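Notes follow once the structure below has been shown.
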Amino acid sequence: MKLPRGKVAEAVGFTLLYMAIARLSVLTLVEDGITVMWPVAGLSLGVLLLRGRWLWIFIVLGALGANLLAGLDPPLALCLALAHGLEMYLAAVLLSTGVDFSPSLHRFKDILFLGMVSLGTTAVGATLAALSFWWVGPPGVSPWWVARTWWLADQLSVWILTPVVLILSRTGLPRKTTGEWLLLLVFLALLGVMGWRVFLTPFEGHWLDLPYLTFPMLLWIALRFGPFGTVLGNLLVGTVAIVGTLSGRGVFMIMSEPNLSLQLYLGTAPLTSLLLAVITEDRRRNAELARSNQQWLQATLRAARAATWEWDAIGDHMTRSVNHDLLFGLPETRSDWNREDFLCRIHPEDRPRVSEELERALRGDGSYEAEFRVPQPDGSVRWLAFRATPRRQKERCVGLSGVVLDITQRKQQEQVLSESEHRFQRLADTAPVLLWMWAQDTGCTYLNRPWLDFTRRPLAEQLGEGWLEDVHPEDRLRRLAALQEATRARQPFEVEYRLRHHTGDYHWMLEQAVPRFAGESFLGFIGACADVQRLKEAEGLVQERSNRLAELNAELARSNADLEQFAYVTSHDLREPIRMVASYGELLERRYGDRLDERGHKYLGYIIEGALRLRDLVDDLLAYSRAGRGDQQPVESSVEQVLQRVQVTLHQAIEESEAQLLHGALPTVESLPSQLEVLLQNLIENAIKFRSAAPPRITVLARECPDGWEFEVQDNGIGIEPQYLERIFGLFQRLHSREQYPGTGMGLAICKRIVERHGGRIWATSVPGQGTSIHFTLRQKPRPAGGPRALA
């Protein structure tokens, strides 16, 4: 046999312990190796039930060793050991698997099962022992005597010692106060004194020598201290009785068969007291369970705001549970109620209906159900629900049994829900859209008034799947597919389809729907349909006009491109004749100036000045045209490097005006570097040109803005009046005469065209007499770091 892991030491220890106890038992032999009580039988069965049936083979080994040590022949020793082992194994198997047995012995049937199974299994063992003596035992030994003595010895051991092992191992020491432990010790001491008087003193014929004098004390211990105290008392009395009888003393010595009388006593007194202890303990446990259940029921009723009641119709008496009177707004009392007491506490408007329901239930027309209001002492009203079933006796209703529930909160919620439904109904019927509800199992469950007005069909015809008849046949499958896909995904959906108007025309509808849930349960969808027929018609018109506008824009773009090309070519071709006029005018002045009078010099000056002004104007027109040309692609440009090139270009003008040019941290932007240089150069030239008496101070700053980089060119010049801040960006716009400030009036127009070419905008702020700031935006790049520093 393969032992469970870690059980070898336990098996060896158990075998040695068995042999030791058996050896001690042998010291009290009666005759032919048979004892009055075989202690190891009860101990072995307890161990098998607690530690496992696998130990049975070691019972055989222990019994074999004990028998051999007692001097029995090996064949007889082996047969008796096997008989004892099989007896214990069979009892353990039947108790563990054959019946509803608990080793804790806390039920009456556990004691009965233990006694009944042991009666049978010890009889089996006794039979095997008798056969062993008949087969290999010494001659002259009565098999019947062997079987009877074996059976009584093992049976008494099971009845006395097995409960001791099971109860002490399963329950341990019970929780008792010091006073209770002292009282138990006192009773055990008294029981020991009685046992000494009955079983250990010579028999004198006194009434104190009666063998069952210990019975009252055993029964009292069983009633007072339960199974734990009982097994201790049984062990004490059994030990004293065995020792006294086997030593030739005590009341049983006057009997013809003292050992048999002892065994009968040990078979009745311990078993009776243990049964009484278990029954008493079971009743005590049931009483505690009943009290616990009652407390739990009362707590549950209070938590659920409920109560139970019974009404005896014959005696007109109403029995109420805890919390009942509190639900009626009354103090918790035990005063009697009758039918009139019950009805008078109901709201007057509900009283007739409740009374009628009560009469109907008493007639046997079904269960009693009523919901009614009960006025409270503080003036409020509480809703209660009564549920009851009739109690019948010989086909006659003799009363009602039921519960009462506080449904005030439910009624309030129902009222809120009803008001919410009414509000929804009003809102839905006045909504400017068509509303519907759809459930997965039943289809369409609701259509609002605008929907019904739109289709002019009865509501009943459109519920379920009837509404699909009004959907255009070409759109029906698409509409159903959108619904099915949204149902699988439990997601909102949107779809357009045509719905038949009551006039017969189909209108385009834009439908949007969202899923409805109750907790995690999917209920369906609620949706709205907007009539977008006019929108669809408008979309067609808008599309037609958009196409026409695109054609016009294309024509305008071609015209602008042709115009820009013409302006560019014209400006380029005019530069040469203008250059010749100016050059020959200057040559004429140098060679023939001494031949001209004052008027001639004056006229010649007009010619040269006009040619130079015309040249500047043509150059500016050419620059303006170039600023609008889109034949170049933007690249990443460092604004700081562009500004440095401008500073080099304007170096002479900066030195002559003693201007100071500053800038903050400047970013890298996407631009046309040449146009960005023209932009900054024009702005800085204007700042130098329109300076005040103080030396010019020009600052270029940059900061991020939502749509890119915003740049600012500040100066401390003469400033601009507010009414001219937008005018200055137009073509040929001048605020001063040419004698005061020369120029063509094209500089800021060119700047505006360059900024717009880069997708930005340009504007000006100014304080007359203090300076002007020109702002413009360009595309965004990462923010730079660093503070202002002088560039020149």
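Worth a mention:
- Simple spin-label estimate for residue 330 and residue 316 in nanometres, 7 Å along Cα-Cβ: 1.6
- Spin-label model, residue 599/residue 54: points 7 Å from Cα along the beta carbon direction are separated by 14.5 nm.
- For peptides 229-237, 374-382, 404-412, sequence by mean Cβ density within 10 Å, most packed first: 229-237, 404-412, 374-382
- The residue list 502, 413, 440 was ranked by how far each Cα lies along the charge dipole of segment 402-523 toward its positive end, using unit charges on Cβ atoms, and 413 comes out on top.
- Put simply, when 487-496, 763-772 are sorted by average Cβ atoms within 10 angstrom per residue, most first, you get 763-772, 487-496.
- Shape class for segment 633-779, computed from the alpha carbon gyration tensor (a ≥ b ≥ c): prolate, with a/c not under 1.5 and a/b above b/c.
- Accessible surface, 1.4 Å probe, highest first, among residues 19, 318: 19, 318
- For the listed peptides 156-169, 133-146, 660-673, 182-195, a ranking on the average number of other beta carbons within 10 Å per residue, highest first, reads 156-169, 660-673, 182-195, 133-146.
- The alpha-carbon of residue 109 sits under 15 angstrom from the alpha-carbons of these aspartates and glutamates, leaving out residues fewer than 8 places away in its chain: 100, 281, 282.
- Förster radius 56 Å - calculated FRET efficiency between residue 180 and residue 410, Cβ distance, rounded to 0.05: 0.60
- Average accessible surface for segment 305-413: 53 Å² per residue, computed with a 1.4 Å probe over protein heavy atoms with every protein chain in place.
- In this view, the solvent-accessible surface of residue 424, computed with a 1.4 Å probe and all protein chains in place, comes to about 70 Å².
- Segment 176-294: C-alpha gyration tensor shape, a/c 1.5 cut-off, then a/b vs b/c: prolate
- Shape of segment 300-353 from the C-alpha gyration tensor: oblate (a/c of 1.5 or more and a/b not above b/c, with a ≥ b ≥ c the square roots of its eigenvalues).
- About its Cα centre, the dipole of segment 57-208 is roughly 380 debye, where the only charges are +1 on Lys and Arg Cβ and -1 on Asp and Glu Cβ.
- For residue 516, the residues whose modelled amide H falls within less than 5 Å of its own, excluding neighbours fewer than 5 places apart on the same chain, are 523, 524, 525, 526.
- Ligands, DNA and RNA left out, the 1.4 Å accessible surface of segment 176-294 is 69% carbon and sulfur atoms.
- Heavy-atom surface of segment 1-172, accessible at 1.4 Å and reported per residue (Å²): 44
- Assigned charges on the beta-carbon of Lys, Arg, Asp, Glu; segment 387-475 dipole about Cα centre (debye): 1160
- A full extension of the chain between residue 378 and residue 724 corresponds to an added length of 116.6 nm, given 0.36 nm per residue minus the alpha carbon distance.
- Taking label positions 7 Å along the Cα-Cβ direction at both residue 7 and residue 505, the computed distance is 9.3 nm, reported to one decimal.
- In Å², nearest 10: area of residue 597 left accessible to a 1.4 Å probe: 100
- Accessible area of residue 596 in the full protein assembly, 1.4 Å probe (Å², nearest 10): 60
The values are calculated or read from the model by the stated rules, or taken from the named source; none is laboratory data. Quick caveat, the model's predicted, so the values are computed rather than measured. Cβ sites come from the backbone with ideal geometry, for glycine too, and all protein chains shown count toward neighbours. The accessibility values were calculated without ligands, DNA or RNA, using every heavy atom of the protein model including side chains. Shrake-Rupley method; radii C 1.70, N 1.55, O 1.52, S 1.80 Å.
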